[in-house]
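To start, the structure itself, in structure tokens.
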Amino acid sequence: MKRKFWNWVKNDAEEERTLVLNGEISDETWYGDEVTPKLFEKELNAGTGNITVWINSPGGDVFAAAQIYNMLMEYKGDVTVKIDALAASAASVIAMAGTRVLMSPVSLMMIHNPMTIAIGDSREMQKAGEMLDEVKESILNAYEIKTGLSRAKISHLMDGESWFNAKKAVELGFADGILGSTEKTEDAAGGVGAEGMMFSRTAVTNSLLSKLIPEPEEKKTPIEQLEKRLNLLSH
């Protein structure tokens, strides 16, 4: 069996269980794997009552994330997701299964387009691209159900590989609240001094490239071209 990336902690006093997802979501794909998903499901359904899911993960296998998401969505009790430090990529998909999603004030969430490695001719590359498009659509479903945002908005955020802090995640609907906060959810999302921050890798890269790559001469006005030549002559 593949290395277990989950651990169950039982609290008999409160009749509640805690599921800890720490590290990579499966070091090998669950695609075609009939053993590991069944083991996870067996352990999930071995008890009853509400469960808390702690997540600290950079992501991993999208098929594992999809199956865990479905199992948590189908679970009879309430599922409270608590993001410890990071819920990135596939781990963010699992987080969307929470009846309530809470983030540590110092945690981050990241969403991006699915990726793969493909080998073959142009037809194989085209198939890989089409497969990734379908995987993205499936991920969009989970984000859309949780956030209520438009698919176009979510798709744009995924295109840019977007990182959210806790307040921004609440503001966008990816999370419901912040751990340890006594504020109401709506205050955390939009209250005074509660501005969320988002980082887009694509936006930063494009900004850097625009500074590093000089603007073509033909796009500059004659005056700008003359000023550049004069500056060169003065040095």
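The numbers here are math on the coordinates, done by the rules we state, and not lab data. Computed from a predicted structure; not experimentally measured. When we count neighbours, we look across all protein chains shown, and the Cβ atoms used for this are built from the backbone with ideal geometry, even at glycine.
Size descriptors for region 1-160 (Cα atoms only): Rg and Dmax, in that order, 16.2, 59 Å. Note that region 128-143 has calculated 3J(HN,Hα) couplings of 5, x, 5, 5, 5, 4, 5, 4, 4, 4, 5, 5, 4, 4, 5, 5 Hz, one per residue in order, obtained from phi through the Karplus relation 6.51 cos²θ - 1.76 cosθ + 1.60 (θ = phi - 60°); glycine and proline are x. In this structure, the pairs whose alpha-carbon distance is over 29 Å, taken from K38/K136; K127/K153; K82/K127; K38/K146; K76/K153, are K82/K127; K76/K153. Across region 89-103, coupling constants 3J(HN,Hα) worked out from phi with the 6.51/-1.76/1.60 Karplus curve, θ = phi - 60°, read 6, 4, 5, 5, 5, 4, 4, 5, 7, x, 4, 9, 10, 10, 10 Hz, and Gly and Pro carry x. With a simple spin-label model that places each label point 7 Å from the Cα along the Cα-to-Cβ direction, the separation between M73 and L39 comes to 2.5 nm. Placing dummy labels 7 Å off each Cα toward the beta-carbon, the span from T116 to D27 is 2.4 nm.
Residues within the reach of a label modelled at K10 (point 7 angstrom out along Cα to beta-carbon, backbone nitrogen below 19 Å), restricted to region 20-58, are 20-21, 39-54. Of the residues F174, F5, the one with the fewest other Cβ atoms within 10 Å heads the list, and the complete ranking is F5, F174.
Ranked by the mean number of other Cβ atoms within 10 Å per residue, highest first, peptides 48-59, 100-111, 81-92 order as 81-92, 100-111, 48-59.
Beta carbons within 10 angstrom, averaged per residue: use that to sort the peptides 139-148, 116-125, highest first.
On the way: 139-148: 17.8, 116-125: 8.9.
Final packing ranking: 139-148, 116-125.
Subtracting the Cα-Cα distance of D159 and V20 from their residue separation scaled by 0.36 nm leaves 47.1 nm. May I ask you to evaluate 6.51 cos²θ - 1.76 cosθ + 1.60, the Karplus curve with θ = phi - 60°, for each residue of region 52-65 and list the ³J(HN,Hα) values in order in whole Hz, giving x for glycine and proline? The phi angles translate into 10, 10, 8, 10, 9, 8, x, x, x, 6, 5, 6, 5, 4 Hz.
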